Amino acid sequence: MSHKESQNIEQATTTVTTSQPDDKTRRYDRQLRIWAASGQAALESSRVLVLSSSATSTSILKNLVLPGIGHFSILDATVTTPADAGNNFFLHARESIGKPRAQEAVPLLRELNESVQGEAVFKDVKELLGTEQGRDWLTGFSIVIAHNLDKPTLEELSTLLWSNPNGPPLVAVRSAGFLAEFHIQYHEHCVSQTHSDTAPSLRITRPFPALLEWARSLDLQDMDPTNHGHIPFVVILVKLVDEWRQSHDGNLPKTAAEKKEFKSKILALKIKPDEENFDEAEAQAWRVWSEPAVPSDVQALFALPPLPSTSNAHTPEKHATFHALLDTLAEFTKDPSGPGTLPLSATLPDMKSDTESYVRLQNLYRQWAEVEKNKFKELFKAKHPQLADSANPEEVDTFVKNSHHLRVLRGKQWGAFDKDREAVANSLMMAPRETATHLGLSALTNLLSSDASKVTEDALRSEVQSIVGEGVDLPEELDAAIGEIARAPTADLPNMAAFLGGLVAQEAIKMITEQYVPLNGYCVVDLVDSWTGVIG
Amino acid sequence: MSGRSRHARAILGEELYGRLSETKVLLVGAGGIGCELLKNIVLTGFGHITLLDLDTIDLSNLNRQFLFRKKDIKQSKAMVAAKTASAFNPNVKITPIHANIKEPQFDVEWFRGYDIVLNALDNLDARRHVNKMCMAANVPLVESGTAGYLGQVQPILKDRAECFDCVPKPTPKTFPVCTIRSTPSQPIHCIVWAKSYLMPQLFGEDEDSGSELDEAEKQGENAKEIAALRKEAQAFKAVRAALRSAPAEEASSSSAAKLVFNKVFHGDILNLLSMADMWRSRAPPVPLDFDAIRAGTFVLNRPSQNGNTASTASGQANSSNGSTSTEKALNGNGASTSTAATPAAGGAGLKDQRALSLQDNLELFVSSTERLAARLRAGEDTISFDKDDDDTLDFVTAAANLRSAAYGIPGKSRWEVKEMAGNIIPAIATTNAIIAGLIVLQAFHLLRRSYSSLRNVHVQFKPSMPLSAIAMCPPNPACGVCRDTYTEILCDPARVTLKQVVDGVLGRGADTDMDSNEGEGPEEVCVYEDKRVLSDPDWDDNDNRTLESLNVTRGKFLSIVDEDGEYATIQVAIGALPPDHPADGSALILPSPLPKPPRRQKPRVATPSPPPPPTTTSKKRAAPDDEIEEIDAPSAKRARKDEDAPNVAASFTPSKKRRLEEDGLIMLDTAEEKIEEDPDVIEID
C-alpha cells in the first residue's frame, strides 16, 4: 500500500482502520516519541526570526524546519558571494551568486517541509532597530537567533529584547573556524516536563491509606507460597516500616546498626531462598531512610525570590500560571489535611512481581494520585480563582504529574558576564579552557566591529586583557584559542555549521517546547579537541 | 572555484584540503546520520564518495532525512541522496549503491579500495560486519549512532584503538519459548508471539517443522507436548491454505480470518487448558468467541481476585507499562520516550494512540488478515513484520491484544505496539546534525594521522556539558575480532578444498613435512566459518570437500584457531581470482608472505575457551529454558570474547541509553568513566 493511498483507505473503511495515523503523525513519528503532541503543537505555533543566512544560520533553520516550526523569517541585507555558495547547502551552487542571500535560501529551506511558512526580509537589522515599527517587529517572535552579528548591533538587539519581559529569548551565536559559542538570553524559563530520569518518591514512609491497608492485611506467614514470592517490594517495605515504627516510637531506622537490622528483617521474611521480590526489597531499602517529603530542588523553588527589579523585569505574563501553580504546590505541601508531600506520582518503576499484583499496585497509585490531584486543583481554585478558571486543564495536569521534577531557570543578558570582572576572574580559575575560548571570541566580536584586517594574535590578546582588566593573568589556554581565531576569524566551515546547526536548534527546540532543560549561559565549543563547556 | 572553497582552505590548510579531492570515502547508510554526513563531506570537498544503503524512503524519514522529499517515497535512499547532494558540488563524484553491505561482492579487496569508511548504520549486525571488514582490510573507520537526544562517534583504527567489538555489546532480549507459546504474562510476550511466531506461521515460508519435532522426540522430550505441537502445525497447514485460496463468496469474506481466529484464540487455548498441570499455580487463559465479541455480548470471566485486569470487553490500552525489566528495555518506557508519548500530554491525542476495545481488536484482526491474505493472493510469496507496513502492524497489534485479552494482560495501542515490536528509536534532525559534524572531524584526524587528537565523543543529556570526549582506549587484548591476524586468499571455491587452503595458509606445502615449519605457527588447529566448525584435530571429514560445497564463498572468512591457544587466530578472507587469471591456472592464490600470527600475550585471564559448538536456530520446544530469539537478533559473539572482556553491560542504564546500547554503542555516564581499568595502557602517539 502506498502512502498516498493511506488517506483514502482511511476514509473508505470502518472506524477500526482509522487507528492508522494521518500523514502528519507518520512524518513526525520519531520525534513525537521524544516530545509528544504537546511539544509538537508548541513547535507548530512558533515564529522564529534568524539574523543572517550564513551556512550556520541555514543549518540551524534546517533543523527547525524539518521538525515543523510554524513560521520563520530570515533578516539579511547581503547578497550571495561565491564563498557563500560553496559552503551553504541552502544556496544554489551558481544561480544564487549575486542575489539577495536570504531570498535564495528561503525556498530551499521551505522545500524541506511544506507545512512550514517562511519569508526573506532584505533589510539591515540596524535600520529596524532605529524605528518604533521595526522594534515592534523584532520583538514579535517566539525566539530570535543571531549568527556572527557585530557587537554594537548585538548589544542594541539584546537590550531591546531584554527590556521586555514578555519578549522572545535571544540566541546569540558566534563561530570562527573550529571554535564557536552561543548564549541564550532569557529572564526566566519554567519547565514542568523536564523528562528527568530520577524517579519520583514512592511514599513508602508516608503511605496513602489504601496502600497501608494492603500492607497491613498481608499475612506473610500464612499465605500461598506462589503469592508470597510475588508481593511487590513496595508493599513489603511499607509493611516493615509500619511494624518498625510501632516498635520504635514512630521513628524510622536511623543508625547504621538499625538500618542493618531493618535489612535483615526483610530477608528473614523469605520462605524460599529464591524469592527475588525480597532481595529487591532489601536492595531498595535505602528508600526508607532517604525519602524527603519534598525534594530539595523543588523546595528551593518555593523560596525563589522574585526577579530582581534592577533588570527592569517582573514575572513574564506567560509564566503567571506556572508561578501560581508553584505557589499552590507549596501550599499543598504545608496543608495540614494533606500528605505533607508533593502530590503522589502514578508512575511506578519496574519490579519483581506477577502481572496481577503489579496491576493492582499500579491501580492503587493511579487512584490515589487522582485523589491528590483533585485536592491540588481545589486548592488552586481557592488561592488563584482567576488563573484557575483560565488555565489550560492539561497544563495543570502536566504540572502535577511532573511536580517532582520542576525546574525554573534564571538567565542573564547577553554580554553581562563580560562586564562582571569578578565573575570572569572566577571563571578563569574554575574553567580556564572554556573561559579563555569565550574571551577570545568576545575579543573577536569587538575587533570585527571596526576592521577585520586588525584581527591578529596580538590585537586579540590585548582586547582580552582589556575585558578582564589590566594585571589579570591570562591562562595558557588562551594561546591556542586566539591562534585558531586569528587563523580563520570569519571562516564558516560546513562541518562546524552542521554541528552548531544541530546544537543550537536543539536548545531552541527545548526553549520553544518548554520540555527538557536548556543550557544556561555561554556554551563554548572547540571542535579541534571535540569539547563543549558551559560558563557564565 | 577558489572562491567557493575559501572557507574550507582557510581552516583545513592547503595540504589536507588538496588531499581531500583525491580521498575515496565509503559511506555506509543514507538514513538520518547518512544524509547529514553526505552533505558535510560533499561541501567539505571529499572527491570520491561511494554511498551504500539497502533501504527505501518512508514518510517517517522526512522529519530528519532532509535530502528526501515526499515525491521520493519508496525510492532507493542511496540513489536519491546521491542525486540531491551532487548538485551542490560539481567536483565531487558520488557513486550510489542500492544494496546490502553484507553481499559477497563487497569483499576485503573492495573495502581496501577506500581511504576511510564512515558508518551511518542503524543495526548491530551491519556495524559488526563493517568493523570486521575494516579490520581485515586495515582501513580506518568512524562508527556512529544516535537515539533521541543522545549520540556517539567512535573512530576505529586497527592496532591503535579499540575496535567496535573490543567492548562486548549487550545481547538482545530473549524470552523462554514456553512464555511466548503458552504462558505469556506481559504485553511484550504477546507482541513477540504475534510478530515472531504467528506472522511467520501464517504468512511466512511454509517450513516443514516435522523433522524438528522428530529430532526433539528422539532426544526424549515430552511426548505429549510434541504430539500437541504436531497437531498445532497440522492445523496451521489448513489455515495457511485458506488464506491463500480465493474467498468463496462475498458473504463469507471474513471466513479465512475467522478460521485463523478460531484456531489460535479458541482451539489452541482449549488445547492448552487441557494440560491442567500448567494452570495449577497460575490463572488459566480464556478462549475467545468470535461471534460473541462481534455481537458485543462477550464477557471475559477470568478467575481474577482483583478483577481489574481484563474484566470487561473495553480495552485498556494505556493502563500498564508492564512489570519486568525486559519489557521495559524493549518498550523504552523510560522518562523520556513513552512518557512523552502518552496521550494525556497530547490533548486531542493521536489516532493510533487510542485504546482499542476487544471488539475493535477483533475487527482490526479481521481487516488486517484480509488485507494480508489479499496480498498473498496477489502474488506476494511471504510477508514478514515491518513496522512501516501498516497491514503487518495492524495484524500484530490486533493479534497481540486479543491474546493479551485471553490471558488477562493489559492491551497496548497501535502506537505502543509499533515502538515495542519495531524497536523504534526516537530520532530528530538536531542530534544527527551534531553527530555528522563530529564524524567528519574524527575523519580529518584519521586522514591527517594525528592519532593523538582522536576522541570517542558522546552527545549527552546534560545541560552543563552537551559533549563529552574520551581519549581512545587501546585494543582489548582478548578481542575476538581485531586481535586476530588477517590474510586473504584468491580462489575458485568450486575447485579448492578446505585442506588445500588451510595447509597453504599455514605453509604446510604438499612436499613438506608437517613438522618442518620450524616450530613457528600453530600445530593443531580448528577451522571455523563464523560459528560453524569445519574441522578440528580429531575430525577431518570435510578436509577434501571444496569450499563451495561447505558454503565458504567470496566475502566470507575461514578462521584458523590454534588448538593450544598459543598463537593468534588467522582470519582468511575469501576473494575472487583476478579477472585475467587463466581458466586452467591454479585455483588458489596464497598471500605472500604467508601470515605470521603472533604469539598471544600472556593472557590476563585463563586460556581462551574455544568457540561454542555450532548451533542451529530451531523453533522446536526443547528444554524448558530453551530460548526463542527475537526476530532481528544478531548472532551472539563468540564466547571467548564475552568472557574475557570487562562486563560493562551489567550495570543499570536508563532506557534510551539502553536502546543505543542494544544497537551496539556503549554509553558512558561521564567523560571520566573509563571502559576498563587496564594497568598496561599503550599510549597512542
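Where a number appears in this text, it was derived from the coordinates with a stated rule and is not lab data. These figures come from a predicted structure and were not determined experimentally. FYI the Cβ positions are ideal-geometry reconstructions off the backbone, even for glycines, and counts take in every protein chain you see.
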Taking square-rooted eigenvalues a ≥ b ≥ c of the alpha carbon gyration tensor, is the stretch A:286-436 rounded, prolate or oblate, where a/c under 1.5 means rounded and, failing that, a/b exceeding b/c means prolate?
oblate
Given B:Lys71/B:Lys102; B:Lys39/B:Lys77; A:Lys334/A:Lys383; B:Lys77/B:Lys556; A:Lys265/A:Lys352, which pairs have Cα atoms separated by over 21 Å?
B:Lys71/B:Lys102; B:Lys77/B:Lys556
Alpha carbon convex hull of chain A, volume per residue in cubic angstrom:
225
With label points set 7 Å from each Cα along the Cα-to-Cβ direction at A:Glu127 and A:Ser296, the distance between them in nm comes to 5.6
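What FRET efficiency do you get for B:Glu103 and A:Lys383 if R0 is 45 Å and r is their Cβ-Cβ distance, rounded to the nearest 0.05?
On the way: r = 68 Å, r/R0 = 1.51.
The calculated FRET efficiency here is 0.10.
Rounded if a/c is under 1.5, else prolate if a/b is larger than b/c, else oblate: which is the stretch B:1-129, with a ≥ b ≥ c the root eigenvalues of its Cα gyration tensor?
Cα axes put the stretch B:1-129 in the oblate bin.
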May I ask you to derive the FRET efficiency for A:Ile467 and A:Lys334 from their Cβ-Cβ distance with R0 = 56 Å, giving the value to the nearest 0.05?
0.75
Fewest-first ordering of A:Ser337, A:Ser449 by Cβ atoms within 10 Å yields A:Ser337, A:Ser449
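Write out the GluC sites (Glu not before Pro) in the stretch B:532-582 meeting two conditions: DSSP loop, and at most 15 other Cβ atoms within 10 Å of their Cβ. Present the calculation step by step, with values, prior to reporting the outcome.
Numbers: sites: B:Glu548, B:Glu563, B:Glu566; in loops: B:Glu563, B:Glu566.
Counting only loop positions with at most 15 other Cβ atoms within 10 Å, the GluC sites (Glu not before Pro) in the stretch B:532-582 are B:Glu563, B:Glu566.
Fewest first, what order do A:Ser192, A:Ser45, A:Ser453 take by the number of other Cβ atoms within 10 Å? Don't skip to the answer; put the middle values down first.
Working: A:Ser192 21, A:Ser45 12, A:Ser453 9.
Fewest-to-most ranking of A:Ser192, A:Ser45, A:Ser453: A:Ser453, A:Ser45, A:Ser192.
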With a cut-off of 16 Å, note down the residues of the stretch A:461-503 whose backbone N falls inside the zone around a label point 7 Å from the Cα of A:Val528 toward its beta carbon.
A:461, A:475-493, A:496
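Between the DSSP loop rule and a limit of at most 16 other Cβ atoms within 10 Å, which trypsin sites (Lys or Arg not before Pro) in the stretch B:71-143 are left? List each step's numbers first, then the result.
Numbers: sites: B:Lys71, B:Lys74, B:Lys77, B:Lys83, B:Lys93, B:Lys102, B:Arg112, B:Arg127, B:Arg128, B:Lys132; in loops: B:Lys74, B:Lys102.
Taking the stretch B:71-143 and a limit of 16 other Cβ atoms within 10 Å, the loop trypsin sites (Lys or Arg not before Pro) found are B:Lys74, B:Lys102.
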Please report B:Phe365, B:Phe106 as a ranked list, fewest other C-beta atoms within 10 angstrom at the top and most at the bottom.
B:Phe106, B:Phe365
If you restrict to DSSP beta bridges whose two residues both lie in the stretch A:144-292, what percentage is antiparallel, to the nearest 5?
65
Out of all DSSP beta bridges with both ends in chain A, state the antiparallel percent to the nearest 5.
55
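Between B:Thr485 and B:Ala471, 0.36 nm times their residue separation minus their Cα-Cα distance comes to what?
Working: separation 14, 0.36 × 14 = 5.04 nm, distance 2.56 nm.
2.5 nm is the gain from fully extending B:Thr485 to B:Ala471.
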Using only alpha carbon positions, build the gyration tensor of the stretch A:422-485, then give the equivalent ellipsoid semi-axes as the square roots of 5 times its eigenvalues, largest first, whole angstrom.
19, 12, 9
Hey, which of these cross-link pairs are over 19 Å Cα-Cα: B:Lys195/B:Lys263; A:Lys123/A:Lys412; B:Lys24/B:Lys169; B:Lys195/B:Lys418?
A:Lys123/A:Lys412; B:Lys24/B:Lys169
Global geometry of the stretch A:462-512, whether rounded, prolate or oblate, following the gyration tensor of its Cα atoms and the 1.5 cut on a/c
oblate
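With +1 on the Cβ of every Lys and Arg and -1 on the Cβ of every Asp and Glu, and nothing else charged, how large is the dipole of the stretch A:422-485 about its Cα centre, in debye rounded to the nearest 20?
Values: 3 positive and 12 negative charges, 34 e Å.
With Lys and Arg at +1 and Asp and Glu at -1, about 160 debye.
Give, to the nearest whole percent, the P(r) tail of the stretch B:485-589 beyond 24 angstrom, counting all Cα pairs. Intermediate results must be reported in sequence, preceding the final value.
Values: 1035 of 5460 pairs.
I get 19 percent for the Cα pairs in the stretch B:485-589 exceeding 24 Å.
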The stretch A:64-128: which trypsin sites (Lys or Arg not before Pro) are DSSP loop and have at most 16 other beta-carbon atoms within 10 angstrom?
A:Arg94, A:Lys123
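Between B:Glu205 and B:Ser274, what's the calculated FRET efficiency when r is the beta-carbon distance and R0 is 45 Å? Round to 0.05. Kindly include the intermediate steps, with their values, before the conclusion.
On the way: r = 30 Å, r/R0 = 0.66.
After rounding to 0.05, the efficiency reads 0.90.
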Of all DSSP beta bridges in the stretch B:485-589, antiparallel share, percent nearest 5
70
Segment B:Asp580-B:Thr183, extension gain: residue separation times 0.36 nm, minus the distance between their alpha carbons
136.8 nm
